[in-house]
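Some notes on the structure that comes next.
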Amino acid sequence: MKHHTFSYWLRTKKGDKLAVYCKYRHGTEKQKVIKCDLTIPASSWDKKRGEVKSRIEFQQYREKFLKLDARVQQMKDLLNTDQITDKEALKRIPLWYVSDKDKTLENYFEEEYRKKKGGGYDPTRVRGIIKKLHEALLENNFNDLVPAKLIHFTTHKDEICNSLYKQQKKNTATDYLKRINTVLKKYDSKKYPDKYFEEHYKTEATKLKKPVERVSILESISRINTYKKLEAYLFWLYSFCLRGLDGIDVTLLDRSMLLQPDAELTDYHHQDEWYQEPIKVELSRKKTRAREFEIIINAYPTLSIQKLLKKVISINRSDDVNTEDDLKLFKWDSITNRRKWDLYSDFLQGRLKTLFNKSFKSTRHTFTSTAEILRVPVSDQSALIGNVSRKGSIKHYSKLDNTRLDIQHLAVLDYYQISRIYFQLLLHIKQHPELEIECVRDIDRELHSMDNSNHLRKSWQQEVAELTDISKQPEYYSGLNIYKGVL
């Protein structure tokens, strides 16, 4: 494994002063040297320890050096966890101390805003927006505004907004400005109040999202002639079976999220007495963090798809497949290694466009569109995909709520005929020698032989009504003043 190493180099200046530089090396790559914007007296440097001496007369220089050293260590940690590139790290090191006048948006966000938000906050989205902002400014020849300083949002407000709208779609640029406003408001709510950029907001009509039709999914099976296409196809099916869960969240699924962490991963089929144990995970969508919600992860054919997907991943990317956790797909996830997820996301998009000309994100819309056909209420559609945020005394879903959502989940799988689609995929794999992989499980053979492999025999409304029937009250003993069955 290549390591990121840093060291200090002192350059003599006039007047018995030393300029502090930082040397960086990664593996066998050529060493890079950057100036750290810190000058100290030559007599203050402890050559043996490689730091500023702690004597009282050098205290002010030592404090500055310790701030610099802390910044270097922070960048080293980010590099070792693949959160930033070496180019970004070397650009941030000289910003070890920045006055409010010269403080950049990026510096404020990383050093102060994130700390105020707490440990559970995901900075990925805002980091991406800041990067896009800098790209837009450079593209429009505003080089002197990069990196964007906080003061620039007062002095060059028009230039910043116009640059974003020239590079991005109107709706996207407006969303970026709203998110930047949220950060700026935390810095100074009087100078940057709500809707600070409102006069620049622009919107445009967006194309209506269309679901992936079942016939398109079935027809695309014939185009699967490589393991990589098979991997992308299975990932789409797996996400659909998990109520259209985002790819980011799919990579995060592991045993720690199970309501019963020690549960054996066995299949669940609502109408089959041999497969009667639903297994659930509890999670919140990484994108919205609206609330925690439960998803059945073993409703047939979810586990069959997941197990086959892991086999294909082990062929395509053997170093990445997770062999220790039977639920988790990869050794990494979208949080521990964002760069790998970005590359994997691009891979999925490319293969799925080839197969049925839709992006990976179509799974969620396809799931909710199918739920709409089944007359699932809009509020339940939102709850199914984890978008609802309840408040007050109804903050958490009750047992009756979850029962209804679980049945609706099964109804969507049935209506979309996900089992039939999976059976067709298995037959395709067996008929094509270029896809030489053991793909059929016992439950696949068993359910394939049935006339009807659906989970539900009735409408989801009838099924829910029977499962949640409370019309029969316990018999009351008037003499004893108790209900039967209570004691």
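The values are calculated or read from the model by the stated rules, or taken from the named source; none is laboratory data. Just so we're clear, the structure is a prediction, and the values are computed from it rather than from any experiment. Positions of Cβ are generated from backbone atoms using ideal geometry, with glycine treated the same way; all protein chains shown enter the neighbour counts.
Brief remarks on what is shown
- Lone unmet requirement of (1) assigned to a helix (DSSP H, G or I); (2) surrounded by 14 or more Cβ atoms within 10 Å (Cβ to Cβ) for ASP122: (1)
- Checked against (1) surrounded by 18 or more Cβ atoms within 10 Å (Cβ to Cβ); (2) under 22 Å from ARG338 (Cβ atoms); (3) touching a residue at least 24 places away in the same chain (Cβ under 8 Å), GLU110 passes all but a single condition, namely (3).
- Which numbered condition LYS310 fails, given (1) within 20 Å of PHE360 (Cα to Cα); (2) assigned to a helix (DSSP H, G or I); (3) touching a residue at least 24 places away in the same chain (Cβ under 8 Å): (3)
- Flag if LEU308 is of a type in the set (A, V, I, L, M, F, W, C) and modelled with pLDDT of 95 or more: yes
- Considered as a group, the residues in segment 308-344 that are surrounded by 15 or more Cβ atoms within 10 Å (Cβ to Cβ) and among the basic types (Lys, Arg) include one that is nearest to GLU282 (Cα to Cα), and that residue is LYS328.
- Qualifying residue in segment 72-90 (condition: β-branched (Val, Ile, Thr) and part of a strand (DSSP E or B)): no
- Test: residue in segment 101-122 that is outside the structural domain of VAL72 (by TED's automatic domain parsing) and more than 24 Å from ALA70 (Cα to Cα): no
- Check on THR155, on the phi < 0 side of the Ramachandran plot, among the polar types (S, T, N, Q), exposed (fewer than 13 other Cβ atoms within 10 Å of the Cβ) and outside the structural domain of ASP194 (by TED's automatic domain parsing): no
- Leading residue by the ranking (surrounded by the fewest Cβ atoms within 10 Å (Cβ to Cβ)) among those in segment 182-223 that are polar (S, T, N, Q) and closer than 30 Å to HIS428 by Cα: SER222
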